[in-house]
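Let me begin by presenting the structure, written as structure tokens, before commenting on it.
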Amino acid sequence: MNQHNQHTAFKIITALLMIVPAGVSAQRKFNDTATIKEIVVTATRTVKSIGDIPVPVQVISRKFIQQTGSQKLIDILQQQTGLVLADNPLGQALQGYPNPFGSGVQLQGLDPAYTLILLDGEPLTGRNAGILNLGRVAVGQIKQIEIVKGPATSLYGSDALAGVINIITEKAVSNNGSIQLHHSSNNTWGFSASGTLKKNLTALQVFANRMSSSGYDLDENIYGKTVDPYHNYSLAAKLNIDLSPNTQFQTSARLFTQKQFNNYLVYTGTQPQTVEGSSNETDWSVSNQLHHRFSNRIKLITRFYTTGYRDHADVFLQKDGSLFDRSNMQQFLLKPEIQLEFGAKQNQLLIAGAGYNYETIEASRYASAKKFNAFYFYTQKEWLPLQNLNITLGARLDKHSLYKMQFNPKLAMAYRPGQKLTLLGSVGTGFKAPDFRQQFLSFSNSLVGYTLLGANELNNGLITLKQQGQIDPNTDITPYLTDHRLLPERSVGINLGFRYLPDNKTTINAGFFRNDISNLIDRYNLPITKINNQAIYSYVNVNRVFTQGAELSVSRKLGKSWQINSGYQYLDAKDKDVVNRLKENKIVKRDPVTYQSDYVKRSEYGGLFNRSKHSANLQVAWTETKQRFNGSLRAVYRGRFGYSDINGDNILDDDREYAEGYLLLNASFGINLPRGISLQAGSDNILNHMDRVKLPNLSGRSYFINCSIDLIKISTKK
């Protein structure tokens, strides 16, 4: 952390401590509250009621997941306040073709690469361009999803700079068994089965899922489908054993495999040729946990986690069956960890932990196999200096083989001045080191023709492209053969807000956030192009960037049958250096139609690309009093966002550089029949919004039907 950010962080922490009213008499104990009963573990690494958490936390319940009828995790996430479905677009380079890296979740205006995705508290690996394929997690086994907004580096390390999304799967409670059938548009079929066998102190849980789809095509004038056909399988098993009243052991294993079939045009000469092939994705993990309570004051948790990811693709020319392109990536992570909890009172715990990461990655787009190891230590202490004041202070130390030691503190506070109002505040620092892709990638897209080079590979890549004749011989590349080494990213994040419960049917959450990032790593296109007029991309540190905004969410129960949830986010995300250059009239744009040049005005600057200033959601759910019928109507709005630069100044400053805002409307209706049979039907994207170029992951209007069968109930005789 540089000195400026250190001083800023500690000044803010001191200021927050000083504004706490020290002489206020106790009105309500935090550990007595029963206002909000949802239990979460992600925010503090301990079991807590959400009403006791001093940082912004959002929970997606299993009930909501079931009401949507969706089988896609990404669709469920984008219906939440402040979570925006974000591609990692290569801008003009794609020229109407789908994003090869898919979609991720943007949190507080930061790209998907800055949000840590956990499954039962352990990290998922295998990111492509910073984005995880969330289709690897089957929706049918999810119990709840916990979302922590704002820097969580003090507990979870570098990938948690924007926040954490923890996907928690079902736990074995009693003997049960169920199956579900799913069918939707584009010849999409799904089947899942789950069961739990519990006897005495042992419980075994198994889950299996299969999904397949014929894909879809948003533009028949372009050869090949927007999303290709695929089929995948998910298998999971979890074994829980109570070894003693104070000792519990859990082991779990998971396997995901997917095959996607590819068919598209490539240009190997003057005439296009058709190619076909397939990509195969495999993801597996094994997790072991031991929980032991020495006394009512000391608890030990040990974890041993291993996971592996592989993505392999072959593409062949149809005319003669010869190999056109082959790519492969393998990643492995070994992660042992130990954690101790001290204290008898739930809101006054001290936790301390240590762990080790050993990671390897090998890919056809890297010159050689890479590996690293890291040790980390973290601690967190909670105090109740007043019965209505909760203070949490945490810190983490990371020692990594690829970069210098990192220290990241965080302070969070919750103060309850009255029965219905809780004030929240937190400040923390974060870091993110350059990943392998940003440093060592060397990739040329065979479909479109653009080239993407890691910063460490840029010099060699440019020389090679010119030697191969892919850059005009008259182009001087000398000015771009410089030192391109990337620096680690640094951040200071602040979250302030409140939780207000005017009555037992209404919850209002509001918050303000600000993230100041230095040395942000961003993709950019060089001023030179290839002879096919396609761009050359690499990575660079953007000196000073900020994202700031506000969120408001309101939840209201109407009687016994209706529930309304609504949310809104305002976001402002800009490059501070661009703002300063605009003040000094140092940025010039050139109109691509009239070729007229002019200075860019400050009022024209729209901020960072791929960010919407306004986003909102609305959910209306209904359940008939006898639980026989249910329905939901859900709307998601995303305002316009910058998509690509057209006037050569590499900033967002022209209305033609925006993608238009859009509204998604989804609906479902369900009926519970006797003997454990449930039917559900619905439609997603009812307004049929489509944009192949800018939103290739929206397939247009679709319909679905689900059938769930409780095997225990259906086998029980009346």
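The numbers here are math on the coordinates, done by the rules we state, and not lab data. Source: prediction; values computed, not measured. FYI the Cβ positions are ideal-geometry reconstructions off the backbone, even for glycines, and counts take in every protein chain you see.
As a length-normalised measure over Cα pairs under 8 Å and 6 or more apart, the relative contact order of the chain settles at 12 percent.
Legend: residue pairs K371/K432; K149/K589; K198/K345; K345/K399; K371/K404; K171/K694, Cα-Cα distance threshold 28 Å; pairs beyond threshold, K149/K589; K198/K345; K345/K399; K171/K694. Extension gain, R640 to L300, is 117.5 nm, computed as 0.36 nm per intervening residue step minus the present C-alpha separation. Applying both filters, DSSP loop and at most 13 other Cβ atoms within 10 Å, to the trypsin sites (Lys or Arg not before Pro) of the stretch 553-589 gives K560, K586. For the stretch 335-441, the list of trypsin sites (Lys or Arg not before Pro) that fall in a loop by DSSP and count at most 13 other C-beta atoms within 10 angstrom reads K345, K404.
Need the full-extension length gain, K319 to N373, defined as separation in residues times 0.36 nm minus the C-alpha distance. One decimal, nm. Kindly include the intermediate steps, with their values, before the conclusion.
Values: separation 54, 0.36 × 54 = 19.44 nm, distance 4.63 nm.
Additional length available on full extension: 14.8 nm.
The stretch between A193 and S327, if pulled fully straight at 0.36 nm per residue, gains 44.9 nm over its current Cα-Cα span. Among the trypsin sites (Lys or Arg not before Pro) found in the stretch 591-652, those both in a DSSP coil and sparsely packed, with 13 or fewer other Cβ atoms within 10 Å of their Cβ, are K601, K626, R628. Taking all Cα pairs closer than 8 Å and separated by 6 or more residues, the relative contact order of the stretch 375-436 comes to 25 percent. Per residue, the chain reaches -2000 deg cm²/dmol at 222 nm when only DSSP H runs of four or more residues are counted, each adding -39500 (n - 2.57). Note on K586: lysines with a C-alpha under 21 Å away, same-chain residues under 8 apart excluded, are K574, K576, K601. Annotation: aspartates and glutamates with alpha-carbon distance below 19 angstrom to K63 (same-chain offsets under eight excluded): E38, D75, D120, E146, E170, E624, D684, D710. A Förster distance of 22 Å, applied to the separation of the beta-carbon atoms of S174 and I241, puts the FRET efficiency at 0.85. Return the FRET efficiency for the residue pair A344, M405: r is the Cβ-Cβ distance, R0 is 41 Å, and the value is rounded to the nearest 0.05. E between A344 and M405, to the nearest 0.05, is 0.75. Step through the table entries K370/K466; K238/K259; K420/K505, compare each Cα-Cα distance with 21 Å, and write down the pairs that go over it. With Cα atoms farther than 21 Å apart: K370/K466; K238/K259. At what distance in angstrom do the alpha carbon centres of the stretch 648-673 and the stretch 349-426 lie from each other? A separation of 34 Å, based on Cα centres.
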